[in-house]
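> For reference, the structure I am asking about is given below.
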There are 2 protein chains.
Amino acid sequence: MKGIRLSLFGFGNVGKATAEVLLEKEAFFRERYGLKFRVVSIADTSGVVWLPEGIDLKEALMVKETFGKLSAWTNDYEVYSFTPEEAVKEIDAEVVIDVTNDRNAHEWHLAALKDGKAVVTSNKPPLAFHYSELMEEAERRNLPYLFEATVMAGTPIITLLRDGLKGDTVERIEAVLNATTTFILSQMERGLEFEEALRKAQGLGIAERDPGGDVLGIDAGYKATILHCLAFGPITFDEAEVRGIVEVTPGEMERAKGKGKTVRLIARVENGKVTVEPREVPLNSPLAVESHENAAMIRTDLLGELVIRGAGAGLKETASGVVSDVIKAALGLRRN
Amino acid sequence: MKGIRLSLFGFGNVGKATAEVLLEKEAFFRERYGLKFRVVSIADTSGVVWLPEGIDLKEALMVKETFGKLSAWTNDYEVYSFTPEEAVKEIDAEVVIDVTNDRNAHEWHLAALKDGKAVVTSNKPPLAFHYSELMEEAERRNLPYLFEATVMAGTPIITLLRDGLKGDTVERIEAVLNATTTFILSQMERGLEFEEALRKAQGLGIAERDPGGDVLGIDAGYKATILHCLAFGPITFDEAEVRGIVEVTPGEMERAKGKGKTVRLIARVENGKVTVEPREVPLNSPLAVESHENAAMIRTDLLGELVIRGAGAGLKETASGVVSDVIKAALGLRRN
């Protein structure tokens with residue numbers, strides 16, 4: 001069995017979780033799909049480790065765990081200081097995996113496709129700003145360009161919209177797509193001010209030190225933009241109307257409670273229109289999620305209302321989406 | 001644009017709804033997928049109407065509506081008395097659609113595959129008893145064999161399990177897969193005896209005159225068996241442990257209510273094990289569905305718990321699944 005060569009960009013939390021799943025479920029992938037994976041390169045911000053015969057993932061994880069960076073791994077491996085573009089060009093791989101936060105990654109996604117490589121990404125800005133360009137290039141080359149983990153972690157809403165519902169016309173999607181804001185709003189339900197709730201979330205590692213992407217609704221906006229591209233056709237984040245949860249007050253939470261409701265950051269996606277804003281939702285609504293769950297209500301002409309609900313964050317939950325796409329890419333390439 | 005030739009078996013409620021969707025959304029399919037469909041034959045219990053140039057679906061629906069049977073349509077069309085096997089063999093089509101209740105349809109599904117035709121089915125017994133044989137034949141011939149509408153109508157749980165979650169190992173599925181029993185149990189919550197609730201369901205056309213398939217749990221058992229095949233590998237309905245709702249009493253409903261619960265017919269699918277039986281579920285559980293909704297909770301190693309909820313019955317809701325599969329089959333054939 002020839003190993004499918006993977007080139008992994010990003011070795012933070014999601015990158016490590018992806019490597020762990022590839023390592024731990026090796027036998028499962030072989031037995032279930034007849035697939036064997038060989039990670040030929042791993043890039044973090046310190047450099048690129050590259051070994052065409054395949055990197056020992058267990059060691060890579062240990063080095064990262066111990067030293068915090070791959071560039072410390074100099075006794076066994078050559079560490080290169082490639083830019084992502086250079087790495088994509090130099091390194092012979094069948095699937096490029098982007099689990100970075102690189103806002104300009106669309107450039108090297110395109111380079112990868114032009115070079116005949118499939119792309120799997122959990123990185124949202126490339127899709128939220130360059131959907132058409134990326135999909136057209138992928139189609140032209142007949143290459144997989146997959147992004148399940150960009151929205152709702154591994155919960156397969158992308159598969160559902162891409163491969164299911166082919167006969168239906170989607171009319172509207174309403175969804176909770178960001179778990180950090182759900183946590184903060186849940187704390188505010190208990191009487192905390194926004195700032196206190198945010199600090200608590202940061203203390204628990206749920207919100208980042210720079211929380212703007214979450215609390216301003218940008219993360220949810222990226223995701224809603226991606227859902228629009230799938231359900232209605234291309235749009236960019238620039239066209240989305242986004243308002244975060246910064247101005248929500250405990251008083252508003254209290255008033256919602258009095259009506260049997262709560263407040264969640266709701267993304268609404270309609271044809272030509274993407275909005276993200278805090279909205280009251282009934283407590284028995286599928287959108288009244290708690291904890292790290294996301295949920296989407298999809299309304300279509302034939303089916304009526306469809307709900308999908310599941311993990312919207314988490315490391316192995318996000319790795320689930322990345323690895324599912326890696327498997328699809330590999331099966332797709334084998335088929336071509 | 002060359003039309004994809006479809007051969008429709010079954011022209012009852014689901015068959016008519018399928019024809020209506022094909023007719024009404026013709027422009028959508030052409031614009032979205034570049035697909036045009038040509039229905040070259042329609043079979044009901046009275047005979048087979050066959051016209052290689054394509055049948056006028058509007059007329060076919062009118063004839064069926066007016067006379068209740070296709071064989072009345074003799075002024076314009078030849079009506080043949082083929083068996084399904086003969087029809088599959090004689091009629092040149094690219095996709096065979098089975099929306100019948102023929103328990104032995106696996107035989108002509110296999111004949112269709114052997115003849116190079118894709119198969120789309122909403123008919124459950126072929127899969128619940130002959131999954132391996134059918135899938136192996138389809139794989140050997142590299143032909144689509146699709147069955148979204150067999151479980152949860154068009155709610156895309158089949159797509160989700162087949163095309164999503166590739167990296168995950170499913171641990172358990174718990175689901176409400178039959179809407180008729182939900183209706184009857186909902187009535188029993190309000191104090192009706194089983195027999196009264198059943199008669200009410202029959203009066204409203206929700207339960208059939210011969211309600212055994214639903215109330216004995218056979219329909220849910222077929223569906224759970226199909227989910228097992230997808231999530232864990234082949235099994236047949238003969239191995240399923242099925243108990244229906246016939247013995248549920250208003251007293252049991254009352255006791256459940258006292259505990260903040262209700263009773264639903266729950267299918268549980270684990271590796272090697274399929275059970276269907278009435279169970280208490282908390283009122284805030286995703287399984288405490290009402291009306292014609294179905295729901296499934298899927299537990300996996302990486303994602304944790306995933307819920308999909310949507311229509312589990314209904315005519316255009318079932319046609320949604322059939323037509324989605326017809327589109328996939330057409331796109332798949334074009335790709336090959």
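The values are calculated or read from the model by the stated rules, or taken from the named source; none is laboratory data. Quick caveat, the model's predicted, so the values are computed rather than measured. Because the Cβ atoms are built from the backbone with ideal geometry, glycine has one as well, and the counts that use them run over all protein chains shown.
> So if I check each of B:GLU193, B:GLU174, which one is closer than 25 Å to B:SER122 by Cα and either assigned by TED's automatic domain parsing to the domain that holds B:GLY244 or in contact with an Asp or Glu (Cβ under 8 Å, 6 or more places away or on another chain) (or both)?
B:GLU174
To keep it simple, each residue is scored yes or no on (1) surrounded by fewer than 22 Cβ atoms within 10 Å (Cβ to Cβ); (2) of a type outside the set (S, T, N, Q).
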site: A:PHE232; (1), (2): yes, yes
site: A:ALA288; (1), (2): yes, yes
site: A:ASN294; (1), (2): no, no
site: A:LEU302; (1), (2): no, yes
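> Using beta carbons and a limit of 9 Å, which pairs, at least six apart or on different chains, have the first residue in region A:14-25 and closer than 12 Å to A:LYS64 by Cβ and the second one acidic (Asp, Glu)?
Filtered contacts from region A:14-25: A:GLY15/A:ASP44; A:LYS16/A:GLU65; A:ALA17/A:GLU317.
> Something else about it: Report yes if A:THR121 is within 19 Å of the chain's Cα centre (by Cα), outside the structural domain of A:ALA175 (by TED's automatic domain parsing), among the polar types (S, T, N, Q) and under 19 Å from A:LEU331 (Cα atoms), otherwise no.
Taking the combined requirement at face value, the residue satisfies it.
> Taking the conditions exactly as written (assigned to a loop (DSSP other than H, G, I, E, B), surrounded by 22 or more Cβ atoms within 10 Å (Cβ to Cβ), within 22 Å of the chain's Cα centre (by Cα) and not basic (Lys, Arg)), does B:ILE206 satisfy them or not?
no
> What are the residues in region B:148-171 that are of a type in the set (S, T, N, Q) and closer than 15 Å to B:GLY304 by Cα, if any?
B:THR169
Quick grid of which residues meet (1) more than 21 Å from B:VAL281 (Cα to Cα); (2) within 14 Å of chain A (Cβ to nearest Cβ):
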{"residue": "B:VAL120", "(1), (2)": "yes, yes"}
{"residue": "B:ALA128", "(1), (2)": "yes, no"}
{"residue": "B:LEU134", "(1), (2)": "yes, no"}
{"residue": "B:GLU148", "(1), (2)": "yes, yes"}
{"residue": "B:ILE158", "(1), (2)": "yes, yes"}
{"residue": "B:LEU161", "(1), (2)": "yes, yes"}
{"residue": "B:THR169", "(1), (2)": "yes, yes"}
{"residue": "B:SER186", "(1), (2)": "no, no"}
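> Ok, one more. Tally up the residues in region B:124-158 that are in a helix (DSSP H, G or I) and over 13 Å from the mean Cα position of the chain (by Cα), please.
Result for region B:124-158: 13.
> If you don't mind, there's one more thing I want to ask. Give me the pairs: first residue in region A:179-197 and over 17 Å from A:ALA311 (Cα atoms), second residue surrounded by fewer than 17 Cβ atoms within 10 Å (Cβ to Cβ), beta-carbon distance under 6 Å, and six or more apart or on different chains, which are they?
A:GLN187/A:LYS200
> I'd like to check something: does region B:64-85 contain any residue that is within 20 Å of B:LEU143 (Cβ to Cβ) and in contact (Cβ under 8 Å) with a residue 12 or more places away in the chain?
Scanning region B:64-85 turns up at least one residue that is within 20 Å of B:LEU143 (Cβ to Cβ) and in contact (Cβ under 8 Å) with a residue 12 or more places away in the chain.
> Any residue at all in region B:44-57 that is within 21 Å of the chain's Cα centre (by Cα), under 30 Å from B:LEU230 (Cβ atoms) and crowded, with 19+ Cβ neighbours inside 10 Å?
No, because not a single residue in region B:44-57 is within 21 Å of the chain's Cα centre (by Cα), under 30 Å from B:LEU230 (Cβ atoms) and crowded, with 19+ Cβ neighbours inside 10 Å.
> Let me ask something additional. Say we look at region B:162-173 and pick out the residues that are surrounded by 22 or more Cβ atoms within 10 Å (Cβ to Cβ) and not basic (Lys, Arg); which of these is nearest to A:LEU22 (Cα to Cα)?
Step by step, filter region B:162-173, then rank; the result is B:GLY167.
> Among the residues of region A:180-203, what is the count of those that are surrounded by 17 or more Cβ atoms within 10 Å (Cβ to Cβ) and in a loop (DSSP other than H, G, I, E, B)?
Residues flagged as surrounded by 17 or more Cβ atoms within 10 Å (Cβ to Cβ) and in a loop (DSSP other than H, G, I, E, B) within region A:180-203 amount to 1.
> Now a separate question. Picking from A:ASP76, A:ASP92, A:ASP102, A:ASP98, which residue would you name as being modelled with pLDDT under 95, on the phi < 0 side of the Ramachandran plot and among the acidic types (Asp, Glu)?
Selected residue: A:ASP76, the only one of A:ASP76, A:ASP92, A:ASP102, A:ASP98 that is modelled with pLDDT under 95, on the phi < 0 side of the Ramachandran plot and among the acidic types (Asp, Glu).
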